[in-house]
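Asks: Below you'll find the structure I mean.
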Amino acid sequence: MTSAVTRGHAHGGDAVRIFGQPETGSYPMAAREPLNVGLLHASLSDPAMSSMNFLNEIAGRYPGAVPFAAGRPVEEFFDVADLHRYLDVFCSYLLGLGRTPEEVRRCLFQYSRTKGIINDLVARHLAVDEDIDVDPESIVVTVGCQEAMFLAVRALRFSERDVLLAISPTYVGLVGAASIADLPIVPVPGGPRGLDPDALRARIRAVVGQGLRPRGLYIMPDFANPSGVSLGTDQRRRLLEIAEQEDLLLLEDNPYGIFAADDAPRVPSLKALDRDRRVIYLGTFAKSALPGARVGYVVADQRVRDRTGHTTLFADELSKIKSMLTVNTSPITQAIIGGRLLEYDCSVRRANSRERAHYAANMRAVLAGLKQRFSAVDGVDWNTPSGGFFVVMSVPFTVDDALLEISARDYGVLWTPMCHFYEGDGGATALRLSCSVVGPEQIDEGLDRLAALVRDMAQRRRSGGDGLIPTSPG
Ligand SMILES: Cc1ncc(COP(=O)(O)O)c(C=O)c1O
């Protein structure tokens with residue numbers, strides 16, 4: 001083996017080496033051999049980690065297909081001019097608070113506070129829209145909700161005895177974050193109502209019986225991704241009772257709650273009902289403002305006692321991890337979100353009045369279109385969420401990535417196989433339809449295409465086929 005010193009010589013003497021062209025056998029194996037995934041972090045072999053990339057990649061390959069797969073917000077209302085205005089609004093707000101122009105400049109351009117610079121505005125939004133009353137100091141503004149989830153699972157994972165319960169089916173981003181944090185997920189079947197208290201209790205008992213320690217339960221009580229299911233107020237109260245009795249933290253993820261239909265009764269979030277600081281609340285402005293800002297947050301008002309007996313907020317502990325992960329969330333994008341919040345008196349609901357109308361109309365159109373095309377079709381069924389982005393449809397055949405590819409290529413319609421959202425083999429005959437980015441004509445066209453796929457699959461099953469459709473070239 002050549003030493004690092006001789007390797008670094010570019011010319012001269014006996015040890016002439018050219019960078020990038022090592023003498024055979026003289027470089028560490030890693031430079032010539034592929035890295036062995038078996039020697040990399042275990043999460044890299046977890047299929048959940050490839051799920052998002054795969055789904056994005058297939059959507060990218062079939063840009064003409066009707067996008068019932070994308071969970072993105074509608075783009076129609078994006079306007080570059082808004083970004084400039086939001087920044088200005090935020091800067092004026094800081095000046096109005098008595099900051100000097102130099103301080104405002106520094107605030108936007110410099111590294112900034114790890115916990116965030118718009119915490120007070122986020123706290124006001126939570127009070128205005130969600131009736132959640134929290135101290136801004138218990139909030140950490142994060143790089144999207146994805147970072148918030150990671151901070152929480154990383155901090156909660158102490159040893160190999162720890163597990164995280166998650167209502168199944170669950171969001172792949174959570175599964176990935178937990179996998180990176182070495183925190184195994186134990187699925188808890190949500191059932192058609194989104195929570196089965198008996199199944200939850202049984203799962204907690206079983207886990208504890210195995211000597212494991214459930215560190216929390218991850219749940220999306222409002223228009224869950226992927227199921228579209230929401231919990232009623234009674235179920236929420238029941239869940240908080242169980243959490244109290246079983247001494248369990250709840251990780252409430254709520255990106256879609258503000259997209260409730262106007263005529264649907266308002267249901268309080270778990271955090272709004274939480275009197276015992278049991279709920280760690282995960283939020284994002286990705287769906288309600290712009291995902292490009294990558295601004296989310298976590299409310300972590302739990303108290304933590306350190307070794308000296310001194311008490312801190314869990315948010316402060318999460319912020320320590322963040323300081324070594326992303327240092328701080330971009331102050332520029334926080335300022336953009338801050339300006340948008342200020343412009344609407346911190347009401348994200350008000351800021352989204354056009355978007356909410358769009359999503360509600362789309363949801364109605366998708367549900368009506370499904371009824372029109374599939375009510376007489378054997379074995380096809382779907383749920384009827386009263387808001388959010390997602391509807392789940394069950395079909396009498398296997399739904400997997402191969403079928404998605406066929407659907408995109410030969411039928412021109414994209415959706416998401418539900419199996420991506422289950423640990424193990426759940427969701428094998430169901431697909432998720434997202435109604436966020438489609439327009440009214442696309443909904444009709446897309447559902448016609450989906451109906452053609454379902455019809456062909458049913459025909460093949462009737463004629464004794466394996467459910468696979470012969471593929472057309474190209
Ligand atoms: C349930 C859920 N949580 C979190 C996120 C991620 O949010 P962000 O883009 O802020 O990381 C999403 C995005 O689709 C989601 O559906």
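Just so it is clear, none of the values below were taken in a lab; they were calculated from the coordinates. The structure displayed is predicted, hence computed values, not measured ones. Note that we place each Cβ from the backbone using ideal geometry, even for glycine, and neighbour counts take in every protein chain shown.
Asks: If you find the alpha carbon centre of the stretch 380-415 and of the stretch 268-299, how far apart are they in angstrom?
Replies: Cα centroid to Cα centroid, the span is 28 Å.
Asks: Just add up the charged neighbours of residue 57: K/R +1, D/E -1, any other residue whose Cβ is under 13 Å from the Cβ of residue 57.
Replies: -1
Asks: Which is the longest part of the chain that has none of the GluC sites (Glu not before Pro) sitting in a DSSP loop with at most 14 other Cβ atoms within 10 Å?
Replies: 161-474
Asks: Also, quick follow-up: Treating the beta-carbon of each Lys and Arg as +1 and of each Asp and Glu as -1, no other charges, what is the dipole magnitude of the chain about its Cα centre, to the nearest 20 debye?
Replies: I would put it at about 440 debye.
Asks: Further, regarding this structure: Once you treat every alpha carbon in the chain as an equal point and sum by Debye, what is log10 I(q)/I(0) at q = 0.07 Å⁻¹?
Replies: The computed values of log10 I(q)/I(0) come out as -0.43.
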